[in-house]
1. Report whether or not residue 307 is free of Cβ contacts under 8 Å to residues at least 40 places away in the same chain and either crowded, with 22+ Cβ neighbours inside 10 Å or not in a helix (DSSP H, G or I) (or both).
2. Please find, within the stretch 133-153, the residue that is surrounded by the fewest Cβ atoms within 10 Å (Cβ to Cβ) out of those that are within 24 Å of residue 307 (Cα to Cα) and out of contact with any strand residue (DSSP E or B) (no Cβ under 6 Å at 6 or more places or on another chain).
3. Considering the stretch 127-139 alone, what residues qualify as being at pLDDT 95 or above and under 17 Å from residue 291 (Cα atoms)?
4. Please report, ordered by residue number, the helices (runs of 4 or more DSSP H) entirely within the stretch 74-132 with at least 3 residues that are buried (at least 18 other Cβ atoms within 10 Å of the Cβ) and outside the structural domain of residue 12 (by TED's automatic domain parsing).
5. Look through 417, 438, 488 and report the one residue that is surrounded by 12 or more Cβ atoms within 10 Å (Cβ to Cβ) and at pLDDT 95 or above.
6. Go through the stretch 210-239 and count every residue that is within 21 Å of residue 146 (Cβ to Cβ) and either touching a helix residue (DSSP H, G or I) at 6+ places or on another chain (Cβ under 6 Å) or assigned to a helix (DSSP H, G or I) (or both).
7. (1) closer than 21 Å to residue 456 by Cα; (2) assigned to a loop (DSSP other than H, G, I, E, B); (3) in contact (Cβ under 8 Å) with a residue 24 or more places away in the chain: which one isn't true of residue 390, the others all being true?
8. Condition (residue is in contact (Cβ under 8 Å) with a residue 60 or more places away in the chain and surrounded by 16 or more Cβ atoms within 10 Å (Cβ to Cβ)) applied to the stretch 369-378: is it met by at least one residue?
């Protein structure tokens, strides 16, 4: 039987898959188990976004083993995210479904900046409080995340589209280590860093921290070779590159602290680290034991204990696009009432309820661009903006709601959403559209008709003659809405 105090984080990275299980004791998380497997998913994703079947099978076999431990964790106490290699897949839907079936839980593909935010959150949660600007670096298999933050506040976050697997494949594919190849790899990484480095250097930082397996491996190697002590220095990086070049080939590397599993991709990671030291003028780099999975756990607990960063994100989004907060508040309140009415039959989970309410908050954001077809602008903003705390799937869910909150609903209204979410999204869209219709006059004083639910496919709006006579436009909208709900395979019933 799952332990109610157990929590889990699953990090499906481009190089390694990680599972972290912890127990909440006296307000703090105590790690019970860690599992890490070098899947090297990035090796199997080609430039056209196709996934090699052998690498796919390797990934699914690993996740089937993870599932055994996840059975100790109750529903709602785990969170699984996928990063850069999943983002690169041309058609991720089928593979994601296979991944979820193997793992036994839902998997979120997160954007690069959201990955960077979670890395920073993990590092920040596992170090003493500090008010100094801190640079955090995470070198993954397919991407590299950079963050400057101050305390819990992130000032800049960026994700670069290369990691240790990718750079090793691009510059050291045959295993040869030469001065010329090191120069090309480092120069290429520095070129991609130019704009980010300029922004980060203008902000400035006092402390630099590394948070990845690659960086931990480099520290271990350099310490055991006596090239550095507690932190990685530029001199240690240079000595490591010189030693690797003298060895000549990746497969011949015999370095203390370098595991057999990490050896094939270490060259790319060292090249990226050397480029970062130069571009960001790093003098020394501390190394954190925490990373993305610790950030996931901290974020999960925040969501469950009224510290959900998504709420802050939505409020900032609404402010940025000058949303009418009073109208948004009225629509949100009616959505809450409709959820309570429909819930016994419609069975929305907590995340879906929250996504509906947040969509109600920002459904008019597109008015900041233009009034004509503003719902389409709202949908674009919800889908394409960097929204800290949200997965790509959560953003698509909200984008569908706000894009179709008025006017006709097209046949492919759910385009981009997995089939398993179609019913919940249809319910949420129906409730949002109904709440907006009921507040068409944008009035402060409002008393809407009684609404009841008797099945998973129907809502009934009970309208008396007095309300109908005083709201002729709303009545017309409700009658038109009956046809729109048919597209959602739902029924809106109007009755006395």
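1. Numbers: free of Cβ contacts under 8 Å to residues at least 40 places away in the same chain: yes; either crowded, with 22+ Cβ neighbours inside 10 Å or not in a helix (DSSP H, G or I) (or both): yes.
The answer is yes for residue 307.
2. 153
3. 134, 135, 136, 137, 138, 139
4. On the way: elements: 84-88, 92-103, 112-125.
Answer list for the stretch 74-132: 112-125.
5. Result: 488 is the single residue among 417, 438, 488 that is surrounded by 12 or more Cβ atoms within 10 Å (Cβ to Cβ) and at pLDDT 95 or above.
6. 12
7. Residue 390 satisfies every listed condition except (1).
8. Checked the stretch 369-378: no residue is in contact (Cβ under 8 Å) with a residue 60 or more places away in the chain and surrounded by 16 or more Cβ atoms within 10 Å (Cβ to Cβ).
The values are calculated or read from the model by the stated rules, or taken from the named source; none is laboratory data. These numbers were taken from a predicted model, which means no experiment stands behind them. With ideal geometry, Cβ positions are generated from the backbone for all residues, glycine too; neighbour counts draw on all protein chains shown.
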